[in-house]
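See structure below.
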Ligand code: 13P
Ligand code: SF4
């Protein structure tokens, strides 16, 4: 047997291919993953696409290259299949901004409110929710709640504010959470890029602040941004979200100029997954994600309601 050369990406890619066949595994990767991880994945997508794909997977094993809440969502939709996280430390700081006990307290303070929870949350918080949403369907999910019923929107205040702006609803109570990566993108970064590339279209993720969203030509989830670049007649695009998605966009649009908004728009958690760690997780079937039984049913119900609405 020839030893695996972990310094050689081609060797790692080959090894992942062999393990994928041996385990009958599928590799799902988020649009923010490292380029080489995206390139080895079977499916690359946004949070909504990953949830949808996880719901119809036929493989025996799921390797989830993203962050913990994505792996938990895949596990909730596949209770009988192992879902592996190549790096179990890949969390989401925004998800950590809403603790179940705090959400339960807020529900007591707003007894009539529908709890709409962004998928960037723990399974325990999802279990306290009426319905989940992603950045791709937040507006549609909010519109599915009767207009006179208040909404408690957890945990991303920027996404909740965006949904309130689009729908014109004044009865959305915003949880004070945010994405540190997207909040590092400032209006002055957009101004600088506009001056450098006056003909560019500026595409912004709704996790950005309202100051940045106001300057956008288009607002959408990572996959909606990718689709917009493909469909737009423009040649140059400024991408105001985590910069990993620039690889996905360039791969699909080699003739277009893709400019990342700022090198500060980096999610270190997303970058914890590497080719080596995918090999190790498949070899040893390690870092299997588990969702406690007492929250699984409620969390699954909130995700399934979201999938039914979108
Ligand atoms: P989307 O891919 O759903 O736009 O999500 C962005 C994000 O921050 C996921 O953590
Ligand atoms: Fe969480 Fe923001 Fe990273 Fe997405 S980009 S995983 S919301 S910290």
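Every number in this text was worked out from the coordinates using simple rules, so none of it is lab data. This one's a predicted model, so the numbers in the text were calculated from it and none came from an experiment. Glycine also receives a Cβ, built like all others from the backbone with ideal geometry; neighbour counts cover every protein chain displayed.
Here are some notes:
- Relative contact order, whole percent, for the range 70-209 stands at 20, derived from Cα pairs under 8 Å and 6 or more residues apart.
- Between residue 108 and residue 232, full extension at 0.36 nm per residue minus the direct alpha carbon distance yields a gain of 40.0 nm.
- Take 252-258, 94-100 and order them by the average number of nearby Cβ atoms within 10 Å per residue, most first; the result is 94-100, 252-258.
- Its relative contact order, with pairs defined as Cα atoms under 8 Å and 6+ residues apart, puts the chain at 23 percent.
- Rg to Rh quotient for the chain, alpha carbon positions, Kirkwood Rh: 0.98
- Over the chain: helical MRE at 222 nm, DSSP H runs n ≥ 4 each giving -39500 (n - 2.57), nearest 500: -12500 deg cm²/dmol
- In terms of overall dimensions, the range 108-251 has a Cα radius of gyration and Dmax of 16.1, 51 angstrom.
- Residues 305, 15 arranged by fewest to most Cβ contacts within 10 Å: 305, 15
- In the range 1-77, Cα pairs under 8 Å separated by at least six residues give a relative contact order of 29 percent.
- Residue exposure sequence - 50, 215 - by fewest surrounding Cβ within 10 Å: 215, 50
- The chain - share of DSSP beta bridges that are antiparallel (%, nearest 5): 5 percent
- Residues 28, 186 arranged by fewest to most Cβ contacts within 10 Å: 186, 28
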